[in-house]
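Please read the structure below before turning to the comments.
The values are calculated or read from the model by the stated rules, or taken from the named source; none is laboratory data. A quick note: this is a predicted structure, and the numbers were derived from the prediction, not measured. Note that we place each Cβ from the backbone using ideal geometry, even for glycine, and neighbour counts take in every protein chain shown.
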Amino acid sequence: MEIRVLGSAAGGGFPQWNSNVGLNRALHEGATRAPARTQSSIAVRGTGDDWLLINASPDIREQILATPALRPAPNSRGTGIGAVLLMDSQIDHTAGLTLLREGAPLEVYCTRQAHEDLTTGWPLFNVLSHYCGANWHEVVPGQAFTLDCLPGVSLRAVALSSAAPPYSPHRQAPEPGDNIGLILTDEDSGRCVFYAPGLGDIDAALADEMAACDVLLVDGTFFTETEMIDQGVGKKTAASMGHLPQSGEAGMLAWLGRWPDKRRVLIHINNTNPILDPDSEPRAVVEQAGVEVAYDGMEITP
């Protein structure tokens, strides 16, 4: 099994197009070694040639062009993407489907809750029906499944605690399946990866799931709970947005510290997060904990 990080930033990317604050400004002015990042997405390949795209970010065109394996063969029209799996129905994880409308019908895997959002409040499936079309396949948390385009890999979704997007019909009544984590297992080696770019809470059951995996590729959105408030760019806390910050006694680094024998990587990093700066103290804290910071183009082999 091979995993490629297509995009490692949270919604808006880094730098965010309308921000001249903090690291965004430093990057514009060439005052930081932090590299630019596109919005969060990964691609997975098993023993075949095709790839499973996990989340279709608004930056998917740029990501495909930067990843030769996802491009069509010479003198043909097509793609190396065999199917798309959505972790939720958030705009920054689904809007890229509109950029894939010029190809063959899309094979899209997501939960019933995400599909409901994508046919009502954010009706992408309805829009795509006028172009390439999208065939929906339901992902049921807790049930293992395989994909024809991903031979040699088995998958199992895990329901996570999180709020549905603002446009969801059940925004005020969260349901299991609004947001999922994903366990990908290499059937030959038995090694597995836990992927969760949006993770707001870790309970005992989820901790057991994570403890059984070899690689943890998890939510790195914020370093502190009040990061956006402190920088004057928002009014919401990390928890209210469905993210577990790295710092704090019950933060992501504290949890990841329980599993020093695993490869631990942070992804979906917001443009306000100081760990983007390789010379910052928070980045040093992360690295001293033995945790990596994902970057666009990163390759992970369990």
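One line per residue, one yes/no per condition, for (1) surrounded by fewer than 22 Cβ atoms within 10 Å (Cβ to Cβ); (2) over 17 Å from the mean Cα position of the chain (by Cα); (3) over 30 Å from Asp186 (Cβ atoms):
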site: Val215; (1), (2), (3): yes, no, no
site: Lys236; (1), (2), (3): yes, yes, yes
site: Ala239; (1), (2), (3): yes, yes, yes
site: Ser247; (1), (2), (3): yes, yes, yes
site: Leu266; (1), (2), (3): no, no, no
site: Arg283; (1), (2), (3): yes, yes, yes
site: Glu287; (1), (2), (3): yes, yes, no
site: Glu292; (1), (2), (3): yes, no, no
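Scanning the range 159-210 for residues that are out of contact with any strand residue (DSSP E or B) (no Cβ under 8 Å at 6 or more places or on another chain) and among the hydrophobic types (A, V, I, L, M, F, W, C) returns Ala163, Ala164, Ala173, Ile202, Ala204, Ala205, Ala207.
Restricting attention to the range 163-174, the residues that are in contact (Cβ under 8 Å) with a residue 60 or more places away in the chain and surrounded by fewer than 15 Cβ atoms within 10 Å (Cβ to Cβ) total 0. Candidates Ala69, Ala34, Ala10, Ala95: the one that is of a type in the set (A, V, I, L, M, F, W, C), at pLDDT 95 or above and more than 17 Å from the chain's Cα centre (by Cα) is Ala34. Could you go through the range 1-22 and let me know if any residue there is surrounded by fewer than 19 Cβ atoms within 10 Å (Cβ to Cβ) and assigned to a strand (DSSP E or B). For the range 1-22, residues surrounded by fewer than 19 Cβ atoms within 10 Å (Cβ to Cβ) and assigned to a strand (DSSP E or B): present. Within the range 153-210, can you find the residues that are basic (Lys, Arg) and over 18 Å from Asp117 (Cβ atoms)? Within the range 153-210, Arg156, Arg191 qualify.
For Val158, state whether it is outside any loop (DSSP other than H, G, I, E, B), touching an Asp or Glu at 6+ places or on another chain (Cβ under 8 Å) and among the β-branched types (Val, Ile, Thr). Considered against the rule, which asks whether it is outside any loop (DSSP other than H, G, I, E, B), touching an Asp or Glu at 6+ places or on another chain (Cβ under 8 Å) and among the β-branched types (Val, Ile, Thr), Val158 comes out as yes. Every condition in (1) in contact with a Gly (Cβ under 6 Å, 6 or more places away or on another chain); (2) polar (S, T, N, Q); (3) crowded, with 17+ Cβ neighbours inside 10 Å is met by Thr32 except one, and the failing one is (1). Sub-7 Å Cβ pairs linking a first residue in the range 113-138 that is surrounded by fewer than 22 Cβ atoms within 10 Å (Cβ to Cβ) to a second residue that is modelled with pLDDT under 95 and of a type in the set (Phe, Trp, Tyr), at least 6 apart or interchain, are Gly121/Tyr167; Trp122/Tyr167, ordered by first then second residue. Scanning the range 243-302 for residues that are outside any helix (DSSP H, G or I) and of a type in the set (S, T, N, Q) returns Gln246, Ser247, Asn270, Asn271, Thr272, Asn273, Ser280, Thr301. Do the conditions hold for Thr146, that is, is it under 29 Å from Asp203 (Cα atoms) and surrounded by fewer than 21 Cβ atoms within 10 Å (Cβ to Cβ)? So Thr146 passes the test. Whenever a residue of the range 235-254 is at positive phi, its partners that are in a helix (DSSP H, G or I), lying with C-beta atoms within less than 8 angstrom and at least six residues away or across chains, give the pairs Gly248/Ala254. Could you please let me know if Trp259 is of a type in the set (Phe, Trp, Tyr) and either more than 20 Å from the chain's Cα centre (by Cα) or over 14 Å from Gly200 (Cα atoms) (or both)? Yes, satisfied. Looking across the range 141-165 at every residue that is touching a Lys or Arg at 6+ places or on another chain (Cβ under 8 Å) and hydrophobic (A, V, I, L, M, F, W, C), the one that is farthest from Ser240 (Cα to Cα) is identified as Leu150.
In this structure, does Val193 turn out to be β-branched (Val, Ile, Thr), closer than 25 Å to Leu53 by Cβ, in contact with a helix residue (DSSP H, G or I) (Cβ under 9 Å, 6 or more places away or on another chain) and crowded, with 22+ Cβ neighbours inside 10 Å? Criteria not met by Val193.
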